[in-house]
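The values are calculated or read from the model by the stated rules, or taken from the named source; none is laboratory data. What you see is a predicted model; the values in this text were computed from it and never measured. All Cβ positions, even for glycine, are placed from backbone atoms using ideal geometry, and neighbour counts span all protein chains on display. Surface accessibility is based on the protein's heavy atoms, side chains included, excluding ligands, DNA and RNA. Shrake-Rupley method; radii C 1.70, N 1.55, O 1.52, S 1.80 Å.
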2 protein chains.
Amino acid sequence: MSGKSIDPVGGFSCPLPITDYKNVLLAHGGGGRLSQQLIERFFRAQFSNPYLDLLHDGAVFPVEEGRLAFSTDSYVVHPLFFPGGCIGDLAVYGTVNDLAMCGATPLYLSAGFIIEEGLPMEDLWKVTLAMQEAAKAAGVQIVTGDTKVVDRGKGDGLFINTAGVGVVPPGVAVGPRNARPGDRVLLSGRIAEHGVAIMSVRNGLAFDTAIVSDTAPLNRLVASILSMPEPVHVLRDPTRGGVASALNEVAASSRVGMELVEDLIPVAEEVRGACEILGLDPMYVANEGKLIAIVAPEHAERILGHMRAHHAGADAVDIGEVVADHPGVVLMQTRIGGKRVVDMLSGEQLPRIC
Amino acid sequence: MSGKSIDPVGGFSCPLPITDYKNVLLAHGGGGRLSQQLIERFFRAQFSNPYLDLLHDGAVFPVEEGRLAFSTDSYVVHPLFFPGGCIGDLAVYGTVNDLAMCGATPLYLSAGFIIEEGLPMEDLWKVTLAMQEAAKAAGVQIVTGDTKVVDRGKGDGLFINTAGVGVVPPGVAVGPRNARPGDRVLLSGRIAEHGVAIMSVRNGLAFDTAIVSDTAPLNRLVASILSMPEPVHVLRDPTRGGVASALNEVAASSRVGMELVEDLIPVAEEVRGACEILGLDPMYVANEGKLIAIVAPEHAERILGHMRAHHAGADAVDIGEVVADHPGVVLMQTRIGGKRVVDMLSGEQLPRIC
C-alpha cells in the first residue's frame, strides 16, 4: 500500500495503492482476481467498517422497531471533477440528502460503480477518497457495493449509484403532500451554485470569483430542525430542475398554490451574472446543498432562526407562502412588480448535472 | 394509457403507454416535465405500490426490531435481451438473490436507470414489464427509483442498478466465514447456463436445443432451506466468475480448503458443447439462478432432499467437501483421475455478463 502521492480534490493527499495498471481494464469488473484486488485496495481499504468487512453479498446490520427510509440515485455528472467537488462526494451527499428529506437519519449507503475501461486509476482513487471523506462528514457508512466495467466507448469514465437506508425518528411526519394554505416556504440559502459551477467548467468560463458547487450534506441541519417542537410539513432539496421544479412537485402533490417573491430568493451576484451569460434561469438550476422547508406560519420565524444558526442554513430566508388558490401553480411576484407563472421545467436545461 | 400492443420478453403483452417519443431523449432525464411523464407512465404505473406512490425522495416503510440485509448490484449485461430473460428480470433477481444469500427475506428494492439517449421506448417498456413481473415472482416491491439519461455514445442502451433491503430471520447465521472442515458443498442445479446463453447470442451461435439463461429468484428456495432445523453455514450464488470464483472466495474467507469431484458437477450436454466451442470452462461461467449451500455432513442428505423438492433446486447435488488441508485452495478430482487446482478467475472471461 504505497506508491506516488497524489493531490485529490479537497486538498488532502494519500498514496495511490499499488496497482499494476495505470488504467481500469475490463478484467477489473470480471469477478475474478483483478476485481477482488481493486475492491480490496480501493474500496474496502477506504470505506472500512464492520459491516463492509464481512465481504458478503450484502451487509447485515441491526435495526430497532420503527420506520426506515430507503432512497437511491445514480450519478452521471460530467465532468467527474468540478469546482467544489467531484462525482464521489456528490454521490454520497445526494443520497444522504434524499434520506434527510424523508425526515430520516441516514445511516448506511451502498455504492455501485460502472467504470468505463480506460478510466485512470488515479481518478478512481480520488473519487474513492472523496467518498470516504464525504461519508465521514455526513456520519454514514458505506456498507456494501458493486463494481462493473464496460468497454471503452460504452460509458463515460464513471457512473456511480448510491442507495441509502436511514431511520425516521418517531413523530416525524414530513411528506410532499403536507403543505397547507398559509404555510411559509423557507429556503436554506443561495441558489443555483451547483449547476452554474458545472456549466462554467464545461463551457470554459472564468469569472473573477470562482463559482463553486454547493455540494454538502444536509442531514445535520435537518436533524436540528426536526428536533424542534414546531413541526415541519415538507422538506425538499431542489436538485435537478432547481427550486422551480421542486416547488411545482410539492404544489401538485399537496394540491396547493404557491406565491413567491423574486426579490427574496437569494442568488449570489457572480452566479446571477453567469446565468445571464449562459442563458439560464437560476430558479431551474440544480442545487446540491440547499433545502426547502414548508412550515406553519406561526412557526416560520423560529424555524428560520434555528436554520440560520447552522452553517448549512446560514443564509436561510422566507421566500413566500402556500395558498389555496390556483392549486398546482407556482406564481412569482417579479422584481418589476408583475406576477409570472414559475412552471415546471419542460425539457432539458442542464444535462448530466448530477 | 393505450397504444400499440407489443410482445415483450416472457410472452405477455401490454400496450405501450402513450408517449410522443419513439426514443428516449436527454430531456427524459432532466428532472422536468418529460422526466415526470416517463416516471409516471412507465415505472410508477407498473411498479405501483403504497410506498412508491408517495413519490417522495425516498420510500418510508415500517420495520420490526431485528437484523436487516442491504445489498446492491449494477447490471450492464449486453445484449439487453437474451434467451431466457433481459436486463430487467436479471436486475430484480440478482439483488433478490444477493439478499437471500445473506439469509434474508428480500422485501424492498430500489431501481436506478441510466439510459443512453436514443434507447427505443419500446425496449424500455419491455424491461419495465419484465421488472414488474420479476418483482411479483420474487414477492418484492420496487419502492424507490431514479432515472438518468446520458448522451448518445456515452452509455450502452441501458444500465440498471438495484439495491435491496430484506429482513434476516432470528437465529439465521449464514456467512462466508462459516464453512468448517468436514462440511459438504451442495449445488442447487446445472451450471453455466446464464453465461453460455449470453455468449451464444453474442457470437451468433445456434444449437439444436436453445440454451436459455437460468435467471430465477432463489429467495423461496432459501427460505425453505432456512426453515429447517438443520443449520446452513454458507450460502453463495455463483454469478460472475462462476462456481470456481464463488468457492475460492468462501475458501479464503473461511480459511479452509475444498475438494470437489468434477463428475458430480452437473452441466447440460448442450452447455458443455457450447463451452467447448466458445473455449470456456463451465466452472468459471456465470449462473443467475443457482446457489451453493455449505452444511454439516450429518445434515447434507436431509437438506439436499429438501432442496430437490423445490423447483429451483430440483437438480441439487453434493459436489464435494470442505477440508482442513490447503486452506484457501479449491481442488477438483478430474474425470481422468487426477487432481487440479480450481483457481480464482484471474482476468476477464466473460465481460458484461450481468
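Kindly work out what percent of the DSSP beta bridges joining two residues of the stretch B:19-168 are antiparallel, to the nearest 5.
Values: 22 of 31 bridges.
Bridges in the stretch B:19-168 are about 70 percent antiparallel.
Computed FRET efficiency, Cβ-Cβ of B:TYR21 and B:ARG177, R0 30 Å: what is it to the nearest 0.05?
Numbers: r = 51 Å, r/R0 = 1.69.
E between B:TYR21 and B:ARG177, to the nearest 0.05, is 0.05.
I'd like to check one number: the per residue accessible area of the stretch B:184-341, probe 1.4 Å, reported in Å² as a whole number. Working shown, then result.
On the way: 6100 Å² over 158 residues.
Value for the stretch B:184-341: 39 Å² per residue.
If you line up the long axis of helix A:193-202 against the longest principal axis of chain A, both from Cα atoms, how many degrees apart are they, to the nearest 10?
Taking Cα atoms only, the helix is inclined about 50 degrees.
Can you pull the accessible area of B:ASP151 for me, 1.4 Å probe, Å² to the nearest 10?
50
For B:ASP151, what is the net charge nearby, where nearby means another residue's Cβ is under 10 Å from its Cβ and Lys, Arg count +1, Asp, Glu -1? The partial results should precede the final answer.
On the way: positive: A:ARG352, B:ARG152, B:LYS154; negative: A:ASP156, B:GLU116, B:GLU117.
Charge balance in the 10 Å sphere: 0.
Within 10 Å of each Cβ in peptide B:71-81, how many partner chain Cβ atoms are there on average? Round it to a whole number, please.
Details: counts 11, 15, 10, 14, 4, 10, 1, 3, 0, 0, 0.
So the per-residue partner count for this stretch is 6.
Taking only Cα atoms and a 10 Å spring cutoff, compute GNM fluctuations for chain B and point out the largest among B:ALA251, B:ALA210, B:ALA197.
B:ALA210
To test your reading of the geometry: what angle, between 0 and 90 degrees and rounded to tens, separates the Cα axis of helix A:297-308 from the longest principal axis of chain A?
That works out to roughly 40 degrees.
Using only DSSP helix segments of four residues or longer, with each worth -39500 (n - 2.57), what per-residue ellipticity at 222 nm results for chain B after dividing by its residue count and rounding to 500?
Details: 8 runs with 92 residues, N = 354.
Taking each H run of at least 4 residues, the total per residue is -8000 deg cm²/dmol.
Enter the Cα centre distance for the pair the stretch B:205-254 and the stretch A:182-211, rounded to the nearest angstrom.
49
Anyone know which of B:THR95, B:THR209, B:THR128 comes out most mobile in the 10 Å Cα GNM of chain B?
Ranking B:THR95, B:THR209, B:THR128 by mean-square fluctuation puts B:THR209 first.
How much of A:ASP263 can a 1.4 Å solvent probe reach, expressed as accessible area in Å² and rounded to 10?
100
With a 1.4 Å probe and every protein chain left in place, tell me how much accessible area B:SER346 has, in Å² to the nearest 10.
About 80 Å², rounded to the nearest 10.
Any idea how far apart A:ARG255 and A:ASP151 come out in nm if each label point goes 7 Å out from Cα toward Cβ?
With each label point 7 Å from Cα toward Cβ, the separation is 5.3 nm.
If each label sits 7 angstrom from Cα along the C-beta direction, how far apart, in nm, is B:ILE336 from its counterparts in the other copies?
Distances between equivalent label points, in nm: 8.8.
I'd like the FRET efficiency for A:LEU205 and A:SER227, computed as 1/(1 + (r/R0)^6) with the beta carbon distance as r and R0 of 35 Å, rounded to 0.05.
Computed FRET efficiency for A:LEU205 and A:SER227: 0.25.
Could you tell me the calculated FRET efficiency between B:GLU270 and B:GLU122, based on Cβ-Cβ distance and R0 = 25 angstrom, to the nearest 0.05? Write out the running numbers ahead of the final one.
Working: r = 31 Å, r/R0 = 1.24.
Working from the Cβ atoms, E equals 0.20.
If you stretched the chain out fully between B:LYS136 and B:ASP263, how much longer would it get, using 0.36 nm times the residue separation minus the C-alpha to C-alpha distance?
Values: separation 127, 0.36 × 127 = 45.72 nm, distance 3.68 nm.
Stretched out fully, the B:LYS136 to B:ASP263 stretch lengthens by 42.0 nm.
Tell me the total accessible area that B and A bury against each other, 1.4 angstrom probe, in square angstrom rounded to 100.
Values: alone 15760 and 15790 Å², together 25240 Å².
Roughly 6300 Å².
Taking only protein heavy atoms into account and a 1.4 Å probe, give the accessible area per residue of the stretch B:83-141 in Å². Numbers along the way, then the final one.
Working: 1120 Å² over 59 residues.
Value returned for the stretch B:83-141: 19 Å² of accessible area per residue.
Per residue of the stretch B:323-340, in order, report the coupling 6.51 cos²θ - 1.76 cosθ + 1.60 (Karplus, θ = phi - 60°) as ³J(HN,Hα) in whole Hz, putting x for Gly and Pro.
These are the phi-based 3J(HN,Hα) values: 10, 7, 5, 5, x, x, 10, 9, 9, 9, 7, 7, 4, 8, x, x, 10, 10 Hz.
Identify which of B:ARG236, B:ARG41, B:ARG335 has the largest mean-square fluctuation in a Gaussian network model of chain B, with springs joining Cα atoms closer than 10 Å.
Its mean-square fluctuation being the largest, the pick is B:ARG335.
Heavy atoms only, probe 1.4 Å: what % of the accessible area of chain A goes to carbon and sulfur, would you let me know?
On the way: 6380 of 12630 Å².
Taking all protein chains in place, chain A shows 51 percent carbon and sulfur surface.
Measure off 7 Å from each Cα along the Cα-to-Cβ vector at A:HIS311 and A:ILE277, then give the distance between these two points in nanometres to one decimal.
Each label point lies 7 Å from its Cα, and together they span 2.9 nm.
How much of the DSSP bridge set in chain A is antiparallel, in percent, rounded to the nearest 5? Please report the intermediate quantities before stating the final value.
Working: 43 of 56 bridges.
Close to 75 percent.
By how many degrees, 0 to 90 and rounded to 10, does the Cα axis of helix B:121-138 deviate from the longest principal axis of chain B?
Tilt of helix B:121-138: around 50 degrees.
Could you let me know the centre-to-centre spacing of the stretch A:289-354 and the stretch A:68-117, using Cα atoms, in angstrom?
That distance is 23 Å.
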